[in-house]
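Read-outs throughout are calculated quantities, based only on the coordinates presented, and are distinct from any laboratory measurement. In this text the structure is predicted, and so the values were computed from the model without any measurement. Here the Cβ is made from the backbone with ideal geometry for all residues, glycine too, and neighbour counts use every protein chain on show.
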Amino acid sequence: MDNIELLIFDCDGVLVDTENVANNVLHRHLSLHNWPLAPTATEQFFRGRSLTESLRRAVNEFQLTLPADFLQVMQRDTFEQFRQVNLSFPNCKVLVQQLSACAFPMCVASSGSHEKIALTLSQTGLLGYFPIRFSAQDVTRAKPAPDLFLKASSYFCTPPERCLVIEDSSAGLAAADAAGMPSIGLNTQLSAAQQRDFPNTLFLQDHAALLRWMNGH
């Protein structure tokens with residue numbers, strides 16, 4: 001951490017435990033329109049990427065016909081499910097509070113919408129720790145392009161090599177690599193072979209491991 005001046009957190013799967021809930025709702029809605037993939041494959045197809053961009057890709061690859069209000073209806077259902085469950089990761093708030101107490105600069109850079117980021121962080125009691133939040137809505141190219149992370153580093157006037165990205169998806173780690181930023185892969189579910197594709201990434205199992213690593217640096 002000696003050379004790091006800014007922490008950039010992904011949101012879903014890193015700060016808030018939303019991905020299983022969101023994927024279940026997404027798969028249920030897509031299945032009404034001849035979606036061919038199982039839930040696990042659906043999660044892999046969409047994970048870490050802009051939902052709007054991924055839906056466009058899904059329509060093209062699988063020749064889907066979705067109603068005009070599909071995204072709106074599906075997101076409304078997703079947000080309602082978020083409000084009914086606990087989205088907190090063990091040890092995550094302790095980690096964020098510790099960083100905040102040290103006044104360490106940090107922000108969120110997520111593929112999710114600003115509305116989704118605010119809702120899920122608010123529900124987990126983390127919103128106040130992240131007044132600066134960046135969404136895929138703010139850039140032309142979403143992850144795995146580097147634009148979102150570079151926007152964050154530019155905002156904080158911090159060189160990319162002095163930013164540390166904390167991500168859970170291969171798309172996010174690829175975006176960090178493309179931005180020239182070191183990263184931590186948190187609970188990525190990537191195989192050992194897949195992890196070798198990211199030599200600038202330290203892979204950690206969970207927030208407790210991340211907390212121990214940060215306290216050791």
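Give the order of Arg133, Arg162 when sorted by the count of other beta carbons within 10 angstrom, beginning with the fewest. Numbers along the way, then the final one.
On the way: Arg133 19, Arg162 14.
By the 10 Å Cβ count, ascending, the order reads Arg162, Arg133.
Relative to the longest principal axis of the Cα atoms of the chain, helix 70-82 runs at roughly 50 degrees. For region 19-82, the square roots a ≥ b ≥ c of the C-alpha gyration tensor eigenvalues yield an a/c under 1.5, which makes the shape rounded. As a proxy for reagent exposure, ranking Leu150, Leu64, Leu26 by other Cβ atoms within 10 Å from fewest up yields Leu64, Leu150, Leu26.
Determine how many Å³ per residue the convex hull of the Cα atoms of the chain encloses.
118 Å³
Relative to the longest principal axis of the Cα atoms of the chain, helix 170-179 runs at roughly 50 degrees.
What's the exposure ranking of Met181, Met74, going from fewest to most Cβ atoms within 10 Å?
Working: Met181 26, Met74 19.
Starting with the residue having the fewest Cβ neighbours, the order is Met74, Met181.
Taking the Cα centre of region 19-82 as reference, the dipole from Cβ charges on Lys and Arg (+1) and Asp and Glu (-1) amounts to some 120 debye. Assuming charge only on the beta carbon of Lys and Arg (+1) and of Asp and Glu (-1), the dipole of the chain about its Cα centre is about 140 debye to the nearest 20. The H on the amide N of Met106, modeled in the peptide plane, is under 5 Å from the matching H of Leu7, each at least 5 residues off or on a different chain.
Where does the chain land at 222 nm, in deg cm²/dmol rounded to the nearest 500, when only DSSP H runs of n ≥ 4 count, each adding -39500 (n - 2.57), divided by all residues?
Details: 10 runs with 98 residues, N = 217.
Helices in the chain give a 222 nm mean residue ellipticity of -13000 deg cm²/dmol.
Report, in degrees rounded to the nearest 10, the 0 to 90 angle that the Cα long axis of helix 92-101 makes with the longest principal axis of the chain. Roughly 40 degrees between the two axes.
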